[in-house]
Each structure stands twice: as structure tokens, then as C-alpha cells.
Amino acid sequence: MNQKNKTIGEVLRAGKARLKAAGKEAYAFEAELLLEKAAGLNRTALFLLDGENLSDEAAELYEGFLSEREQGRPTQYILGEWEFMGLPFHVGEGVLIPRGDTEVLVETILEKQQTESLKSILDIGTGSGCIPISLGHYGKFENIMAVDISQKALGYAAKNAAENNITIDFYESDLFSNVPKEWQGKLDAIVSNPPYIPKMDIEELMIEVKDFEPLNALDGGEDGLDFYRAIVEQGREWLKDGGWLFFEIGYDQGEALLSLLSEFGYTEIGLKQDLAGLDRVAFGRKGA
């Protein structure tokens with residue numbers, strides 16, 4: 001459909017039809033978001049101006065956005081930003097897209113901070129920085145550190161921290177390798193949303209995920225637990241006695257994480273469920 005000389009309403013209906021035909025589950029929502037971006041309008045204006053003609057420039061932009069989306073590029077990457085915990089985050093190729101499920105992890109830590117003295121925290125595999133930035137915004141931390149093995153991800157994270165006015169010390173690091181040694185045995189908490197998808201399941205993921213999001217943020221090894229094992233074991237030398245470890249986990253990994261935490265002497269271990277009632281967070285306290 002030639003979108004020039006068409007009204008905003010006509011263009012939006014055509015966009016929804018195209019994304020629906022392309023098999024996009026949230027086709028209506030995504031078509032609206034992409035048109036808002038192309039036309040520089042918010043959702044209210046989009047509908048108030050339903051009968052107005054869309055400018056040629058906006059029509060051309062929208063056509064490009066729809067083509068990218070039809071080919072599988074995630075809407076979040078096309079938009080260049082996404083919201084998490086009510087805060088804006090820049091995203092793009094090379095960084096994992098913040099997901100609503102991860103908000104349960106942040107909320108669990110903030111809840112724990114109501115009863116525990118959590119002043120220093122390290123985020124492992126920070127990606128866009130959505131976890132430590134949200135903790136810095138809503139929590140009461142004195143020292144927030146975050147690491148990632150990807151320079152590109154750290155670039156996004158640093159930009160997001162600056163734009164959300166949160167002070168975080170970022171380090172390019174494979175797990176704990178480049179974390180300043182003076183923090184050994186002194187951290188109140190460690191948090192991670194590590195790669196946890198079993199290697200053999202990667203090919204079954206949606207095209208938006210497996211072909212566009214970074215593989216090193218998804219692949220958790222043969223059983224999906226490689227990074228948990230490493231962090232649970234190495235984390236003991238970085239946490240102070242009584243310090244806490246928090247993980248996002250796959251829906252079917254709860255029992256494995258409870259066993260792993262118990263095996264390495266963590267106490268007060270537990271699981272937290274997401275809105276769908278699925279295991280989403282595992283946590284434990286470092287025993288003496």
C-alpha cells in the first residue's frame with residue numbers, strides 16, 4: 001500500500017494488517033509504537049489526528065520501520081529505547097532488551113533492602129544497565145558497581161546511567177575478573193540476570209531473539225546453569241558474611257538453583273514468582 005497522501009488512521013490500519021500478516025503477536029501495539037516514532041506523535045495525538053494526512057517524510061519512515069519489523073528486527077531496536085521500571089533505556093544491537101520479568105528481580109532486592117542493610121551491590125552481566133540503574137533510582141545504595149564482558153553493552157549502560165542521573169562504576173569484566181580487589185569480602189549483595197538458556201534451546205527461540213539479540217547474553221551452556229555455578233561459587237569470596245545473592249532464573253530452574261545455593265552453604269534461600277506464577281528469582285544469604 002502506498003502510504004503517501006493517506007490519513008494517519010488509514011496508514012495505521014494498513015500497518016497493523018502488515019504486522020499481523022507477518023505473524024507478530026502484538027501487531028496492533030507495535031504498529032502504533034512505530035507510527036508514533038515515525039510521526040513524532042504520542043498515542044493520544046495519533047488518535048486525535050486520525051483523519052489528518054500523514055506527511056510524506058513520516059510515511060517513508062514508517063514504511064522503513066514496518067519492513068524492518070517484518071524481517072524480524074525487534075521493535076525495541078527500531079525505536080532505539082525501551083522502558084523498564086518506569087525509566088527510559090537506550091537499546092540496540094549488542095545489548096539485551098530489558099524485559100518486564102526482570103522487574104521482579106529488582107523489586108525483590110528493593111523489598112529485601114527494607115529489612116537488610118544493603119549499601120553496596122555488584123551487577124554481573126549488566127547489559128543495558130537496567131538493573132543497577134533502577135536500583136539506584138528506587139533504592140538506597142551507597143556503592144553500585146556493574147560489569148559486562150561486552151564493550152558495546154557497557155557503552156549503552158554508561159549512557160543510560162548518565163541520562164537517568166545514577167552514579168555507577170562500570171567495569172569490562174568476565175564475571176569477577178576485573179572487579180577492584182578491595183571489594184573482596186565486602187559486598188552486601190550481588191545480582192545477576194545471567195545467560196540461562198540451554199545451548200540446545202537457542203534455535204527454538206523467536207527470530208527476534210535468536211537472530212538479533214546478543215548470543216553471549218542468552219547461551220547458558222549445555223543445561224543453562226554454567227553462569228549460576230560460577231557466580232554462586234566465586235561470589236562467596238566477594239560477599240561479606242551475611243551478604244545476599246540474587247538471580248533471575250528460567251521458569252524451570254528453581255529447584256536446580258535451590259540445590260546449588262544450598263550446596264555452597266547459602267542460607268535463607270528462596271524463590272520469587274512472576275505475575276504468571278512462574279519461578280523467576282532465586283536468592284540466598286552467604287553463610288559463615
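The values are calculated or read from the model by the stated rules, or taken from the named source; none is laboratory data. These numbers were taken from a predicted model, which means no experiment stands behind them. For neighbour counting, all protein chains shown are included, and Cβ atoms are generated from backbone atoms with ideal geometry for every residue, glycine included. These area figures cover heavy atoms from the full protein model, side chains too; ligands, DNA and RNA do not enter into them. Shrake-Rupley method; radii C 1.70, N 1.55, O 1.52, S 1.80 Å.
Points worth noting:
- Label sites at K186 and A17, each approximated as a point 7 angstrom past Cα along Cα to Cβ, lie 6.4 nm apart.
- Kirkwood-type hydrodynamic radius, the range 39-145: 16.5 Å, calculated from all non-identical alpha-carbon pairs.
- Rounded to the nearest Hz, the phi-derived 3J(HN,Hα) couplings of the range 15-28 under the Karplus curve 6.51 cos²θ - 1.76 cosθ + 1.60 (θ = phi - 60°) are x, 4, 5, 5, 6, 5, 5, 7, x, 7, 4, 9, 4, 5, where x marks glycine and proline.
- Rotationally averaged projected area of the range 30-81 (alpha carbon convex hull; nm²): 3.4 nm²
- Top of G243, G139, G277 by mean-square fluctuation, Gaussian network on the chain, Cα under 10 Å: G277
- Of A31, A158, A45, the one that fluctuates the most in a GNM where the chain has Cα springs shorter than 10 Å: A45
- Mean separation of Cα pairs under 8 Å and 6 or more residues apart, divided by the residue count, gives the chain a relative contact order of 14 percent.
- The angle between the Cα long axis of helix 254-263 and the longest principal axis of the Cα atoms of the chain comes to about 20 degrees, rounded to the nearest 10.
- Estimated FRET transfer efficiency (L278, A26; beta-carbon r; R0 25 Å; 0.05): 0.80
- Computed from the C-alpha gyration tensor, the three semi-axes of the ellipsoid equivalent to the range 229-268 are 18, 10, 9 Å, from longest to shortest.
- Result for the chain in a Gaussian network model with C-alpha springs under 10 Å: among G92, G125, G72, the largest mean-square fluctuation is at G72.
- At the residue level, R43 shows approximately 130 square angstrom of accessible surface with a 1.4 angstrom probe and all protein chains present.
- 14 Å cut-off, amide nitrogen to a point 7 angstrom out along K240 Cα→Cβ, residues in the range 93-126: 116-122
- Over the chain: Rg over Rh, Cα atoms, Kirkwood Rh: 1.04
- When each of K119/K181; K24/K272; K16/K272; K112/K181 is checked by Cα-Cα distance, pairs over 28 Å: K24/K272; K16/K272
- Taking a straight line from the alpha carbon of K159, these lysines sit under 22 Å away, with near neighbours fewer than eight places off in the same chain left out: K37, K140.
- Net charge in the neighbourhood of L48 (other residues with Cβ under 15 Å of its Cβ; Lys, Arg +1, Asp, Glu -1) is -3.
- Environment charge of K16, counting only residues whose C-beta is closer than 10 Å and scoring Lys/Arg +1, Asp/Glu -1: +2
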